[in-house]
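Only the coordinates and a few stated rules stand behind these numbers; no lab work does. Everything numeric here is computed off the predicted structure, so don't read it as measured data. Using ideal geometry, Cβ is built from the backbone for each residue, glycine included, and neighbour counts are taken over all protein chains shown.
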């Protein structure tokens with residue numbers, strides 16, 4: 001992996017341990033599908049070239065984290081403008097790293113929802129322009145479907161059906177992946193997403209943005225049993241989540257300590273908060289695996305890189321004989337390689353989008369536009 005200013009170039013062949021079917025110096029043969037994928041749903045401008053849905057030939061990400069940190073969170077208008085500045089360069093680098101040209105590409109895959117509407121429009125417009133100019137098929141991809149598909153990149157043996165826990169800043173879903181591109185959502189958050197709760201608690205204790213990684217890091221120094229925070233249950237919905245209560249409990253604890261003049265051990269606080277969130281996620285995921293007779297569980301989304309969550313799920317899966325899959329952290333956060341993986345399976349199913357493809361900021365998983 002190398003970094004040039006705010007652009008991260010990830011060459012899978014060099015960076016990750018790969019299975020035997022992933023060899024160095026891969027070239028596309030007749031019948032292979034080479035996807036140029038574009039992702040711009042939030043604050044990462046990304047492009048990737050993916051071969052046959054499983055092999056990443058290039059993965060380039062231009063991150064805006066340093067810029068948005070100044071404001072304590074993502075500013076949509078700034079994100080959109082930054083995407084416009086970076087997208088051509090990112091695509092050129094992705095093609096260069098993969099050692100291919102646009103003429104070699106089979107189809108263009110792009111995230112068209114959900115996400116920030118202005119940010120999505122930049123990627124969609126770019127994808128449509130390339131597809132039109134080069135007479136290539138256009139395949140729109142659901143962002144969360146991309147996160148789930150990230151597991152296919154490093155785990156070639158993984159195939160549906162399986163259960164998936166999607167945990168990000170905007171989504172917390174329990175999903176049964178019935179087939180490629182076919183999903184049944186069995187649980188979701190009723191209020192805050194888990195990642196949103198991490199960000200709000202991080203801000204409350206002065207850790208800043210982005211909150212998830214900073215909470216994870218500081219929690220390693222604290223006692224997760226120091227403070228008893230609630231684990232909410234939703235009556236009549238055994239797989240649904242609620243994290244607003246945990247967030248409120250943390251804020252109330254902070255206010256109480258300040259009113260009493262008591263010192264707050266930030267490490268203990270975030271460790272206890274993180275454990276409460278992890279417990280809620282793990283308990284429901286493992287219950288779903290049991291009740292739906294699944295032998296495989298995969299995790300996806302930005303919060304899937306949380307070390308405590310990954311360790312807890314691995315432990316529970318090992319105890320019950322369930323196969324557990326998780327992407328490397330670089331594939332948990334927003335990236336285009338996961339979009340290329342999802343686009344491949346959509347392309348194989350015959351999904352094609354026209355020049356009227358538009359950004360759909362509230363696109364639901366499994367919904368087709």
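The table for this structure:
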read-out	value
Alpha carbon centroid spacing (whole Å) that separates segment 31-67 from segment 265-283	32 Å
Structure-based [θ]222 nm, the chain - -39500 (n - 2.57) summed over DSSP H runs of at least 4, per residue, nearest 500	-13500 deg cm²/dmol
Principal-axis tilt of helix 244-260 within the chain, Cα atoms, nearest 10 degrees	40 degrees
Potential lengthening between residue 102 and residue 356 on full extension [0.36 nm per residue; Cα-Cα distance subtracted]	89.3 nm
Gaussian network model of the chain, Cα within-10 Å springs - most flexible of 221, 262, 184	262
Extension gain from residue 88 to residue 182, taking 0.36 nm per residue of separation minus the Cα-Cα distance	30.6 nm
Gyration tensor (alpha-carbon) shape descriptor, segment 54-182, a/c threshold 1.5	oblate
Structure-derived mean projected area of the Cα convex hull in nm²: which label, when the choices are (1) 18.3; (2) 35.2; (3) 19.4	(1)
FRET efficiency for residue 159 and residue 252, using Cβ-Cβ distance with R0 set to 41 Å, rounded to 0.05	0.35
FRET efficiency, residue 71 to residue 264 (Cβ-Cβ, R0 22 Å, nearest 0.05)	0.30
Computed label-point distance, nm, for sites residue 368 and residue 231 using a 7 Å Cα→Cβ extension	3.9 nm
Tilt relative to the chain, helix 117-134 - C-alpha long axis, 0 to 90 degrees, to 10	20 degrees
Inter-part distance where segment 168-225 and segment 76-151 are each reduced to a Cα centre, Å	26 Å
Ranking of 144, 91 by count of other Cβ atoms within 10 Å, fewest first	91, 144
Part-to-part distance (alpha-carbon centres) for segment 294-322 and segment 345-365, which is given in Å	29 Å
Ranking of 35, 246 by count of other Cβ atoms within 10 Å, fewest first	246, 35
Anisotropy class of segment 162-327 from Cα gyration tensor, a/c 1.5 cut	prolate
Rounded to 10°, Cα long-axis angle of helix 76-98 versus longest principal axis of the chain	50 degrees
Extension gain from residue 319 to residue 135, taking 0.36 nm per residue of separation minus the Cα-Cα distance	61.1 nm
